[in-house]
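Beneath this line is the structure, given in structure tokens, with notes to follow.
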Amino acid sequence: MTSSHRDSTQAHYGRLAASYDQNWAYSPAYIAWMSKCILDRAAIQPGQVVADIGSGTGLYSSRLAAAAGRVICADPSQAMLDQLPDDPSLIPVRASAQDIAARRIKLPGERLDVIVMKEAIHHVPASDRATVLRGLGELLAPGGRIVIAMLPARIGYPLFTAALERFDRLQPDPAGIATLLSAAGLETELTYDSYKLDLAKDRYLSMVRNRYMSLLASFTDAELERGVTEIQERYPGNRLEFADQFAFIRGTRA
């Protein structure tokens, strides 16, 4: 990752930190659904060492900690980590996936039982992904799991055309990520789940203006406003219904 790209990504999440949970916590039911999707695949047991890499504000870390007892919350954005709940079971570590995989940052515990990466792998440049995933896999204890939750290669969000086209160009293919985990020596499984969202259109447009997806940080204010106008014209009515589909890749160390 170039320093300019890294800085712009951290600046985006620094701006977003205070409103991050408001933007992403669509509803308690959605949070419960996503938590179950992750926990079912992670199979966390009490006392296991768990790292949430790209934890952000800890929106899901708290659910992981309820299963494990404590969770290492790793994120390169200090502004995000500053929003973690005041909970001793959440251990903040300012670090990127690259830092952790290269062991530039040492995490508590000799080996990790579970690594969770929710919507973080796309921030790792394509040229670094194989090295990063191999390095993370090497941190797992025997039988340890890494669970990567990510959007599919194409999404059905009610975004404007330019945003959808940019997403298609930039989003990694989950099948490719699964292949990299297999090449790193992990037993790999790729599955999909989806959740039907029903949001007030005004709320969703506010989320777009707030650049709730890092993808939207690459658009200017004027471009976003034109995009909002396009969404309003394309989707009449006061509510938006769409499926939020996620890919879940689990790699298990023998």
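The values are calculated or read from the model by the stated rules, or taken from the named source; none is laboratory data. All values derive from a computational prediction rather than experimental measurement. Every residue, glycine as well, gets a Cβ built from its backbone with ideal geometry; the counts of neighbours run over all protein chains shown. Surface areas here come from the heavy atoms of the whole protein model, side chains and all, with no ligands, DNA or RNA. Shrake-Rupley method; radii C 1.70, N 1.55, O 1.52, S 1.80 Å.
Being in contact with a Ser or Thr (Cβ under 6 Å, 6 or more places away or on another chain) and among the hydrophobic types (A, V, I, L, M, F, W, C) is the filter; apply it to the range 22-73 and report the residue that is nearest to Glu119 (Cα to Cα). Per the criteria, the residue is Cys73.
Checked against the criterion of being more than 30 Å from Arg41 (Cα to Cα) and not in a loop (DSSP other than H, G, I, E, B), the candidates Ser182, Ser206 yield just one match: Ser206. The selection criterion, being crowded, with 18+ Cβ neighbours inside 10 Å and hydroxyl-bearing (Ser, Thr, Tyr), does not hold for Tyr195. Lys106 meets each of the listed conditions (1) surrounded by fewer than 20 Cβ atoms within 10 Å (Cβ to Cβ); (2) modelled with pLDDT of 95 or more; (3) more than 16 Å from the chain's Cα centre (by Cα) apart from (2).
The rows are residues; the columns are (1) within 19 Å of the chain's Cα centre (by Cα); (2) farther than 20 Å from Asp40 by Cα; (3) not in a strand (DSSP E or B).
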site	(1), (2), (3)
Ile115	yes, no, no
His122	yes, yes, yes
Arg129	yes, yes, yes
Gly135	yes, yes, yes
Tyr157	yes, yes, yes
Ala163	yes, yes, yes
Thr191	yes, no, no
Leu199	no, yes, no
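Take the conditions (1) open to solvent by 10 Å² or more (accessible area, probe 1.4 Å); (2) touching a helix residue (DSSP H, G or I) at 6+ places or on another chain (Cβ under 9 Å); (3) of a type outside the set (Val, Ile, Thr); (4) modelled with pLDDT of 95 or more; Arg169 misses just one of them, which is (2).
Looking across Ala120, Ala162, one residue alone is over 23 Å from Ile31 (Cβ atoms) and of a type in the set (A, V, I, L, M, F, W, C). It is Ala162. A residue that is touching an Asp or Glu at 6+ places or on another chain (Cβ under 8 Å), without any contact (Cβ under 8 Å) to a residue 60 or more places away in the chain and not small (Gly, Ala, Ser) cannot be found anywhere in the range 161-170. Among (1) open to solvent by 60 Å² or more (accessible area, probe 1.4 Å); (2) outside any loop (DSSP other than H, G, I, E, B); (3) touching a residue at least 40 places away in the same chain (Cβ under 8 Å), which single condition is Ala254 missing? Unmet for Ala254, out of (1) open to solvent by 60 Å² or more (accessible area, probe 1.4 Å); (2) outside any loop (DSSP other than H, G, I, E, B); (3) touching a residue at least 40 places away in the same chain (Cβ under 8 Å): (2).
In this structure, Asp244 qualifies as touching a residue at least 12 places away in the same chain (Cβ under 8 Å), closer than 21 Å to Ala42 by Cα, touching a Leu at 6+ places or on another chain (Cβ under 6 Å) and in a strand (DSSP E or B).
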